[in-house]
Amino acid sequence: MALSPCRLEEHMTATCADSWVGKFHLITADAGLERMLKGLWPGSQAEWQTFSEGRKSVEKLLLEPPELFLIDNRIPDISGIELARLVKGENVYRQIPVVLLLARAEAFEGVDFRELEIDDFLVLPCEAELARLRIMLALQRGKRSFDANPLTRLPGNTSIIRRIQRGIECGEEFAVGYVDLDFFKSFNDRYGFSRGDEVLMMTSRLLVNSVRGAPAKQSFLGHVGGDDFVFITPCTYAEATCRSIVSSFDAIIPSFYDEKDRLAGGIRSKDRSGNERDYPIMTVSIGVTHNLGGRLKHYGQASAAASALKTLAKQNGKSGYVVDRRAYP
């Protein structure tokens, strides 16, 4: 039996008090549907961004990715089904759950679910309690399926290892790059974790834009943790991706420093032994190895080779990259 609006509110208060639910992007031109969905949780437990047009939501996706999409198939500028394909086509955000909102006739007659790139659906009109439970189910299923980094929302270690190992086993020819921020710890110590998190978020967005130059189905971006990231592209895109990362990072990173430190070219902070020393403006180092000719046999080889090349890239004291060119065409 469905709960009345009053009983639903009481139920939510009793079971979800003070618990964060998620950040949602809702794409619909139906004001009534918007009111119903936004009323499922108190404002302190859920954050909503609503778009009446699908293409505007894709633009926002790159800057502020949500934890779940709710897409009304009846939006005016593009079908919800096509919008779901666009979202899932973004190589680094395809792990975000998509719930498609369908009219009853579409759900039971007009849609081929074998072709849909979605994670769940709701038939409209829908009872509020059912919508709330199905959305929660989609969120939890997404969390179980993907080990996304809680800060950047990029896939984590398990997904990185799985993606590289799958490529090796399938004989895929790909390049894997390990990205590391130099002098990040001293920056964190000097300015605090909040500003350090801002740098990591900026870096993740920068990497997204750099990797987007490669074909979506053949590329991948993950966040190992801290200031370490991994990208995968076809071999022919690897060096262009590195150049894009280095140039963009060097152009943006000075703005995260106070003017005094920026003019001085760095900061003064304690090293791991507790001694005061000078550190330059942050740089980025990248090591890239590849699987041309099936040279890699397991994930550990890729990790070790790329990490060693990343260490070489650090030696010049500036942002840079080292690409393993053995057997490159």
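Residue check: is W20 modelled with pLDDT of 90 or more and either in a loop (DSSP other than H, G, I, E, B) or more than 24 Å from P150 (Cβ to Cβ) (or both)? Break it down into steps so the answer makes sense when it comes.
On the way: modelled with pLDDT of 90 or more: no; either in a loop (DSSP other than H, G, I, E, B) or more than 24 Å from P150 (Cβ to Cβ) (or both): yes.
It is false that W20 is modelled with pLDDT of 90 or more and either in a loop (DSSP other than H, G, I, E, B) or more than 24 Å from P150 (Cβ to Cβ) (or both).
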>> Please return the ranges of strands (runs of 3 or more DSSP E) entirely within region 221-329 where 3 or more residues are in contact (Cβ under 8 Å) with a residue 24 or more places away in the chain, under 25 Å from N149 (Cα atoms) and aliphatic (A, V, I, L, M).
In response: 283-290
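Inspect region 125-138 for any residue being farther than 27 Å from H223 by Cβ, loosely packed, with under 15 Cβ neighbours inside 10 Å and in contact with a Gly (Cβ under 8 Å, 6 or more places away or on another chain) and give the result as yes or no. Don't jump to the end; show me each part of the working.
First pass over region 125-138, keeping only residues farther than 27 Å from H223 by Cβ: 125-134.
Filter once more, so that each one left must be loosely packed, with under 15 Cβ neighbours inside 10 Å: 125, 127, 130, 133.
If we keep only those that are in contact with a Gly (Cβ under 8 Å, 6 or more places away or on another chain) as well, we get none.
No: zero hits.
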> If we keep just the residues of region 89-104 that are of a type outside the set (A, V, I, L, M) and touching a strand residue (DSSP E or B) at 6+ places or on another chain (Cβ under 7 Å), which is surrounded by the fewest Cβ atoms within 10 Å (Cβ to Cβ)?
Replying inline: R104
> Of the conditions (1) over 17 Å from the mean Cα position of the chain (by Cα); (2) open to solvent by 50 Å² or more (accessible area, probe 1.4 Å); (3) at pLDDT below 95; (4) under 17 Å from V284 (Cβ atoms), N188 fails just one. Which one is it?
Replying inline: (2)
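Given D271, D278, which one is surrounded by 12 or more Cβ atoms within 10 Å (Cβ to Cβ) and in contact with a strand residue (DSSP E or B) (Cβ under 8 Å, 6 or more places away or on another chain)?
Numbers: D278 fails: surrounded by 12 or more Cβ atoms within 10 Å (Cβ to Cβ).
Exactly one of D271, D278 is surrounded by 12 or more Cβ atoms within 10 Å (Cβ to Cβ) and in contact with a strand residue (DSSP E or B) (Cβ under 8 Å, 6 or more places away or on another chain), namely D271.
Collect the residues in region 170-207 that are hydrophobic (A, V, I, L, M, F, W, C) and part of a strand (DSSP E or B), keeping them in residue-number order. Lay out the reasoning, then the answer.
Looking only at region 170-207, we keep the residues that are hydrophobic (A, V, I, L, M, F, W, C), and these are 170, 174-176, 179, 181, 183-184, 187, 193, 199-202, 206-207.
Selection gives A175, V176, V179, L181.
The values are calculated or read from the model by the stated rules, or taken from the named source; none is laboratory data. Since we're looking at a predicted model, the values are computed, not measured. So basically every Cβ, Gly included, is an ideal-geometry build from the backbone, and we count neighbours across all protein chains shown. When the accessible area is computed, the model is the full protein with side chains, heavy atoms only, and any ligands, DNA or RNA have been set aside. Shrake-Rupley method; radii C 1.70, N 1.55, O 1.52, S 1.80 Å.
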